[in-house]
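Have a look at the structure below before the remarks.
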Amino acid sequence: MAVTTRLTWNEERSFQKLLGNVSLRLLCKSSVHGDDIAEMQNRCRCQGSTITVIYHSDSIFGIFMLGHSSEQSKSFIEPDASFFFSLQKDETMEMKSVFLNSTVTSNSKSLIFNFSSYDNKFLSLNFSKRCINIPRSLKEKLRAKSDSNFSKKGGIMFLEAELRGKSDSDSPYLECEVFRVEGIKDETGYINRITRATQHRNSLLADVRAYSPFANLVSEIRILLLGPVGSGKSSFFNSVKSIFQGHLTRQAIVGSDVTSITEQYRIYSIKDGKNGQSLPFMLCDSMGLDENEGVGLCVDDIPHILKGCVPDRYEFSPHKPITPKHPTFITSPSLKDRIHCVAFVFDINSMDNLSSKMMVKFKQIQKEVINCGVAQVALLTKVKNCNEVLQDNFLKMNKAMISQSQIQNANRRLGIPLSRILVVENYASEREMDPLKDILILSALKQMFRAADDFLEDLHLE
Ligand SMILES: Nc1nc2c(ncn2[C@@H]2O[C@H](COP(=O)(O)OP(=O)(O)OP(=O)(O)O)[C@@H](O)[C@H]2O)c(=O)[nH]1
Ligand SMILES: [Mg+2]
């Protein structure tokens with residue numbers, strides 16, 4: 001009888017996606033082939049890259065090892081690259097994965113994982129006892145590194161949920177399966193890159209959560225999205241919200257039309273997780289700009305928006321700016337109602353052919369922003385080579401990218417310094433989240449916070 005996996009279709013897809021559209025072939029299964037490590041290693045010999053999947057109550061975790069077994073050697077050979085990851089359902093029942101880089105060694109009974117980023121703490125998988133052993137010191141280390149939001153969301157914190165004991169513990173697992181991974185880009189660089197991308201994304205997420213506006217002058221900063229029709233303003237909001245919800249959301253209506261899809265002013269607050277706290281920023285979405293007068297956002301509305309006089313859900317009228325006579329006009333806005341940072345949103349691919357009429361309108365608006373003393377950044381959307389934008393360590397934008405004509409052009413034409421030109425690829429038609437997109441979006445948010453802090457600091461000194 002054919003041996004079948006315990007993975008559900010969804011779980012198998014999550015694994016495949018994690019490793020870059022690979023296919024998985026089941027090599028052995030502990031309940032069928034026994035709990036003998038030598039037998040398992042024998043079955044994996046010459047099979048190339050493998051993942052070992054451990055089913056532990058309602059968490060699943062896995063160990064990926066890049067092409068590590070050879071015909072000549074009967075003993076276990078340390079793989080060139082490996083990582084340990086957990087797959088867990090979050091509150092929306094979506095599968096989440098969290099990586100830990102580890103090295104793997106083996107003895108006659110166990111596989112042993114060493115986590116250099118956790119002071120070389122290790123955990124071991126004992127096949128004959130069918131259990132995972134997590135030393136207390138590693139549990140404490142993991143606990144110390146997690147903030148409460150992170151642990152609520154699961155991920156590697158399955159240790160918290162599953163193994164609450166304070167002492168060293170052997171925790172039994174239900175099943176162990178080993179798969180051959182077919183079609184993986186067989187390079188160490190690729191594996192390192194995806195594990196580092198996920199780690200970097202998580203640290204950016206923690207930074208954004210931990211942000212507090214300069215001198216706590218306000219509890220949330222307001223970022224205004226301004227830009228031509230169809231440049232991706234509403235999609236940026238949807239993308240940011242998706243990251244914090246942990247799955248794709250499309251609250252703001254987006255689309256393509258000659259006139260703006262967004263007709264109402266919206267001040268969006270974003271929650272951290274479904275029932276989480278509000279994050280320390282709000283995104284204000286506006287009607288798109290049009291090069292012609294009487295179409296799109298009215299330039300005379302902008303000073304009122306900047307000062308915080310325009311209420312949420314105000315219906316824009318391209319011919320007629322808001323006036324203090326409007327029934328919902330906010331007559332004495334406070335600092336918290338004001339805009340603290342303006343993000344000028346442009347499609348990166350259209351930077352070279354912005355019409356002169358659009359440029360005149362932009363300069364006029366930029367003047368208003370400068371007059372109000374509000375910080376400004378440029379947010380260039382629809383970048384096509386998200387993967388190439390970042391250096392290998394993800395900390396900086398690639399030099400090659402900066403020298404690209406669109407970015408240089410944005411710098412020259414918009415008069416915004418290179419450090420304040422941010423590049424993103426919004427979630428548009430995809431169905432899955434992507435850590436590289438998240439890195440760009442979260443980095444852009446961090447830069448916006450810095451710009452807003454400059455504005456608040458300046459105000460404070462006044
Ligand atoms: N490929 C890609 N498409 C995008 C990106 N951002 C937005 N889009 C698409 O571009 C179109 C316009 O996006 P919107 O978010 O509606 O743009 P907007 O600036 O809010 O437009 P208006 O409200 O009409 O001014 C939609 O079809 C989006 O799916 C992106 O970064 N990459
Ligand atoms: Mg819109």
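We did not get these values from a lab; they are worked out from the coordinates using the rules stated. Fair warning: this is a prediction, and the values are worked out from it, not measured in the lab. Quick reminder, even Gly has a Cβ in these numbers, built from the backbone with ideal geometry, and neighbours come from all protein chains shown.
Direction-averaged projected area, Cα convex hull, region 257-336: 6.5 nm², rounded to one decimal.
The convex hull around the C-alpha trace of region 236-383, projected and averaged over every direction, spans 9.6 square nanometres. Near the amide H of Val342, within less than 5 Å, lie the amide hydrogens of Leu224, Ala375, Gln376, Val377, all on another chain or at least 5 residues away, with H placed in the peptide plane.
The local environment of Arg412, defined by Cβ-Cβ distances under 14 Å, has a net charge of +2 under the rule Lys, Arg +1 and Asp, Glu -1. Relative intensity of region 198-461 on a log10 scale, I(q)/I(0) at q = 0.09, 0.14 Å⁻¹, equals -0.37, -0.96, per a Debye sum over C-alpha point scatterers of equal strength in the absence of solvent. Between amide H atoms placed 1.01 Å from N, distances below 5 Å from Leu111 occur with Leu125, Phe127, all of them 5 or more places distant or on a separate chain.
I need the Debye-formula profile for region 323-362: one equal scatterer per C-alpha, no solvent, reported as log10 I(q)/I(0) at q = 0.14 1/Å, two decimals. Ignoring solvent entirely, the Cα scatterers give -0.61. Annotation: amide H of Glu175 within the under-5 Å range of Tyr55, sequence separation 5 or more or interchain, hydrogens built in the peptide plane. Treating each Cα of region 11-58 as one equal point scatterer and applying the Debye formula with no solvent, the log10 of I(q)/I(0) at q = 0.24 Å⁻¹ comes out as -1.02.
In this structure, the pairs whose alpha-carbon distance is over 25 Å, taken from Lys271/Lys325; Lys357/Lys384; Lys320/Lys367; Lys384/Lys446; Lys325/Lys357; Lys357/Lys437, are Lys271/Lys325; Lys357/Lys384; Lys325/Lys357; Lys357/Lys437. In terms of surrounding Cβ atoms within a 10 Å radius of their Cβ, Ser234, Ser171, Ser30 rank from fewest to most as Ser171, Ser30, Ser234. Shape class for region 178-296, computed from the alpha carbon gyration tensor (a ≥ b ≥ c): oblate, with a/c not under 1.5 and a/b at or below b/c. Of all DSSP bridge pairs formed entirely within region 198-461, close to 30 percent run antiparallel. The residues neighbouring Gly255, those whose beta-carbon lies less than 14 Å from its own, together hold a net charge of -1 under the Lys/Arg +1, Asp/Glu -1 convention.
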